[in-house]
Amino acid sequence: MKKLTAILCAACLMLTAMTGCTKQNNPSQSGGSGDMIALITMDSIDQHWITLNEGAQKAATELGVNVQFMSPNTKDDAQQIECVNNAVSAGAKAIIVAANGPDAISSALKEAKDKGVKIVYVDSPANVDAEATFSTDNKAAGKTAGEEMKKALEGSGTTSGKIGIINVNAATDSCVAREEGFRSAFEGSGFELLETQYGEGDAAKSQSIAENYITQGVVGIFGCNEGSTTGAGNAIKATGKADIVGVGFDKSDAILGLIDDGYLLATMAQNPDVMGYEGVKAAVKAINGESLGGAVTDTGVSVLTKEGGSASSTGTTASQEWKIALITMDSIDQHWVTLNEGAQAKAKELGVSVTFMSPNTKDDAQQIECVNNAVAGGYNAIMVAANGPDAISAALKEAQAKGVKIVYVDSPANVDAEATFSTDNKAAGKTAGEEMRKALEGNGTTSGKIGIINVNAATDSCVAREEGFRSAFEGSSFELLETQYGEGDAAKSQSIAENYITQGVVGIFGCNEGSTTGAGNAIKANSSTGIIGVGFDKSDAILGLIGDGYLLATMAQNPDVMGAKGVEACVQALEGTSLGGAVTDTGVSVLTK
């Protein structure tokens, strides 16, 4: 056990010693609330968890809280349960946890919640409602792993054969989903996927399993986590069977070395530092009383291969100063300005240039012109928030035909892209509806008219938000009026909202920044504080309207994350990494007074 570096409660220390939970302090904490947050992962050894802790400690330093990494030395349900109990005894205000399995730890987490402890999941959830979850879309990532293996096998002329799968156990939700996705990639093929073997995430056990698979004449082996992948690669190396295609999960020095030496084809690199960082931010928000609505955020995955030149790369700089164009719906809304800020910060970090070349207003023709200008200007990649899914498609296809990489932020078009970073708009819209309905029913209002202000009938993200919002009222006595469109303009949206007010509405929903601002201004102008206003996006105007009581809440997206992740994806694509068209949910928070 690692030596403790700070004085803690003697009872807590004794419990920690008895159960094998490793506890590490962050001595640099200062300022802020000083609240203690426990970080409990499946073990304290895998590099995946160490990196997750590094991200958590970074956020802890920024926010002035104390994050204790108090995880078992090995994957063991009983030890993880004891770690939860220790955290509660030590006075943790929140527990950030990667559940070893969805059920075993549930009772302990329920008891912690009953005592007021906030729960946030990272990597792998349990079957207990939490404030928020930050994890990989494991099924989708597993399917990508399968597709990479299948492509490599068929590329070498192998269209049938046995494939072995090494998983952690049959209970760890994240790894079970990875296996499910992996198997789906081979449906209808001539390959035979053997019965899964379990190595408990231990590299030595996994190597023995892989060696047994090799004696059965497998053509490929899939490892579902860091230990499984390392074991598979070591077995292929030890037996000299370099023609066996090994694909796995997670990023460690050992795995990257096996890829570079040709004993593994690829690994699905998650972003554990993002999980840890965002997990701490969410925990602090929850401690401070903010409702996060149980949002699930996909923290993304990248395919690291030797051919892509990314296996040994740290990802801190690009190989050259790539030119990236950022084209959003307009250049005025604070949402897009913030997205650009995130993009510029990441561009500086990676050593590339990003030009914000967006229309002054939401207009298809102007956005198409911006795309054409980017191609004519010799830009290597375009990050785009499509004004509508169809209008811009032809221009994007022409750009792709000329070798330009396309990455979507916020709202996609109907053209395949390298990756997409956006809010799960339907889910977020449903959360908005639930917030309004809860407030109305809390006031004793169980029926009445509700107005909806959208941008237009084509913008995919806003259409999905409206669909989600409407679904929250299914089966109720509320009447949702016909949607009105304000083109995202605050003044037009205010006029629409004022018309709704004359119809006696009890609530108004705005689908974007301009719509929300207009709704709030109309409620304010009519002194109609009894009307519940809920909307989308975060701006000074919207936050002011919430503070003054004219809006109940807004669904705050993370445009800075979209921008930063978008630039990162552009660089990865330009450097040769396959991103598989992955769609990453960048999350949403409910902001209230």
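The values are calculated or read from the model by the stated rules, or taken from the named source; none is laboratory data. Everything quoted here is computed from the prediction, not taken from an experiment. Counting neighbours? That spans all protein chains shown, and the Cβs are built from the backbone with ideal geometry, glycine included.
A few comments on the model shown:
- Residue within region 334-350 that is more than 18 Å from Lys565 (Cα to Cα), among the aliphatic types (A, V, I, L, M) and assigned by TED's automatic domain parsing to the domain that holds Gln572 present: no
Conditions tested, residue by residue: (1) without any contact (Cβ under 8 Å) to a residue 40 or more places away in the chain; (2) not basic (Lys, Arg).
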position	(1), (2)
Lys205	yes, no
Thr215	yes, yes
Thr230	yes, yes
Ile255	yes, yes
Gly279	no, yes
Ala286	no, yes
Ser291	no, yes
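- Residue match in region 520-533 (condition: among the hydroxyl-bearing types (Ser, Thr, Tyr) and touching a strand residue (DSSP E or B) at 6+ places or on another chain (Cβ under 9 Å)): no
- Exclusive hit being surrounded by fewer than 24 Cβ atoms within 10 Å (Cβ to Cβ), assigned by TED's automatic domain parsing to the domain that holds Thr431 and within 22 Å of Glu479 (Cβ to Cβ), set Asn526, Asn521: Asn526
- Residue in region 240-248 that is over 16 Å from Gly142 (Cβ atoms) and either outside any loop (DSSP other than H, G, I, E, B) or touching a His at 6+ places or on another chain (Cβ under 8 Å) (or both) present: no
- Residue list for region 512-533, filter: under 14 Å from Gly549 (Cβ atoms) and of a type outside the set (A, V, I, L, M): Gly520, Asn521, Lys524, Asn526, Ser527, Ser528, Thr529, Gly530, Gly533
- The listed residue being charged (D, E, K, R) and free of Cβ contacts under 8 Å to residues at least 24 places away in the same chain, out of Lys438, Lys449: Lys438
- Once region 336-357 is narrowed to residues that are farther than 19 Å from Ser539 by Cα and of a type in the set (Ser, Thr, Tyr), the residue that is surrounded by the most Cβ atoms within 10 Å (Cβ to Cβ) is Thr355.
- Test result for Gly294, under 22 Å from the mean Cα position of the chain (by Cα), modelled with pLDDT of 95 or more and within 30 Å of Asn512 (Cα to Cα): no
- Whichever residue in region 347-364 is of a type in the set (A, V, I, L, M, F, W, C) and in contact (Cβ under 8 Å) with a residue 60 or more places away in the chain and, among such residues, is nearest to Ser515 (Cα to Cα): Val354
- Extreme residue, surrounded by the most Cβ atoms within 10 Å (Cβ to Cβ), among residues of region 61-92 that are part of a helix (DSSP H, G or I) and touching a Leu at 6+ places or on another chain (Cβ under 8 Å): Val84
- Members of region 268-290 found to be of a type in the set (S, T, N, Q) and modelled with pLDDT under 90, listed by number: Gln270, Asn271
- Strands (runs of 3 or more DSSP E) within region 118-208 that include 2 or more residues of a type outside the set (Phe, Trp, Tyr), closer than 30 Å to Gly587 by Cα and touching a Pro at 6+ places or on another chain (Cβ under 9 Å): 132-135
- All of Ala399, Ala428, Ala432 fail the test of being in a helix (DSSP H, G or I), over 24 Å from Gly300 (Cβ atoms), touching a Phe, Trp or Tyr at 6+ places or on another chain (Cβ under 9 Å) and among the hydrophobic types (A, V, I, L, M, F, W, C), apart from Ala432.
- Within region 209-220, the residues that satisfy the criterion of being in a helix (DSSP H, G or I), in contact with a strand residue (DSSP E or B) (Cβ under 6 Å, 6 or more places away or on another chain) and not small (Gly, Ala, Ser) are Ile209, Tyr213.
- Of the residues making up region 367-380, none is modelled with pLDDT under 95, in contact with a Pro (Cβ under 8 Å, 6 or more places away or on another chain), not assigned by TED's automatic domain parsing to the domain that holds Ala522 and not small (Gly, Ala, Ser).
- A single member of Lys58, Lys110 is surrounded by fewer than 19 Cβ atoms within 10 Å (Cβ to Cβ), assigned to a helix (DSSP H, G or I) and more than 23 Å from the chain's Cα centre (by Cα), and it is Lys110.
One line per residue, one yes/no per condition, for (1) touching a Lys or Arg at 6+ places or on another chain (Cβ under 7 Å); (2) closer than 30 Å to Val571 by Cα; (3) surrounded by fewer than 17 Cβ atoms within 10 Å (Cβ to Cβ):
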| residue | (1), (2), (3) |
| --- | --- |
| Asp424 | no, yes, no |
| Ala428 | yes, yes, no |
| Glu434 | no, no, no |
| Asn443 | no, no, yes |
| Gly448 | no, no, yes |
| Ser477 | no, no, yes |
| Gln503 | yes, no, yes |
| Phe509 | no, no, no |
| Gly514 | no, no, no |
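- For region 28-49, taking the residues that are assigned to a helix (DSSP H, G or I) and surrounded by 19 or more Cβ atoms within 10 Å (Cβ to Cβ), the one that is modelled with the lowest pLDDT is identified as His48.
- Filtered by the rule that a residue be modelled with pLDDT under 95 and within 20 Å of Ala282 (Cα to Cα), region 72-86 gives no residues.
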